[in-house]
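Here the structure is laid out as structure tokens; the discussion comes afterwards.
We did not get these values from a lab; they are worked out from the coordinates using the rules stated. Treat the numbers as computed from the prediction; the structure is a model and nothing was measured. Positions of Cβ are generated from backbone atoms using ideal geometry, with glycine treated the same way; all protein chains shown enter the neighbour counts.
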Amino acid sequence: MIALEQGTVSDVENMGTDIRAFIEYRSGFGNIWFPHAEVLPERDYRVFGAIAGVRYGESPMLQPRGFPRDASASAELAYFVRVADDDEAIAEALYPFVRTREASRIVARGGHYRDEKRDYVSHPDAKFPSWLSGSELLAALASAEIAPESSGLEWQL
């Protein structure tokens, strides 16, 4: 699972973009995804462009697929925040949380998701989630003529 996180600087040209990736594996117990590692790769906008179509003018090999419904609990906790009123947030000691009145504005900006059933919204700084397999990652890098070993230890599979 991959989510792009952009800083909050108002000047978009100078705003940094980070990718937060979760490497997960499927267990034999009920076909559930379990976390293997969380990866915060170095900023390499060539790689970001190849796999997500951002910051480097590339068209991604795969269009964003959204947040996977069967992602691990670790990925969900990192990506979503609770939607609550101030009183509920204080009573339940919620942190982080998004105020109910702000949740629809966050989603309206684009690239965000709301799970109303569980009362979650994607973190305000995390946009355009997607997922891809290891072989799809390697294919995206190859299509952009990026050798996996040249893109940093964090990306080596």
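Before moving on, here are some points about what is shown:
- If you plug the beta carbon distance of TYR95 and HIS36 into 1/(1 + (r/R0)^6) with R0 = 41 Å, you get a FRET efficiency near 0.95.
- Once the C-beta distance of ARG43 and SER133 is scaled by a Förster radius of 25 Å, the resulting FRET efficiency is 0.60 to the nearest 0.05.
- Highest average packing first - 78-90, 22-34, 96-108, Cβ atoms within 10 Å: 78-90, 96-108, 22-34
- Potential lengthening between ARG69 and GLU102 on full extension [0.36 nm per residue; Cα-Cα distance subtracted]: 9.5 nm
- Reciprocal mean inverse distance between Cα atoms of region 20-127 - Kirkwood radius, Å: 15.7 Å
- Take the Cα of SER27, step 7 Å toward its Cβ, do the same at ASP115, and the gap between the two points is 1.7 nm.
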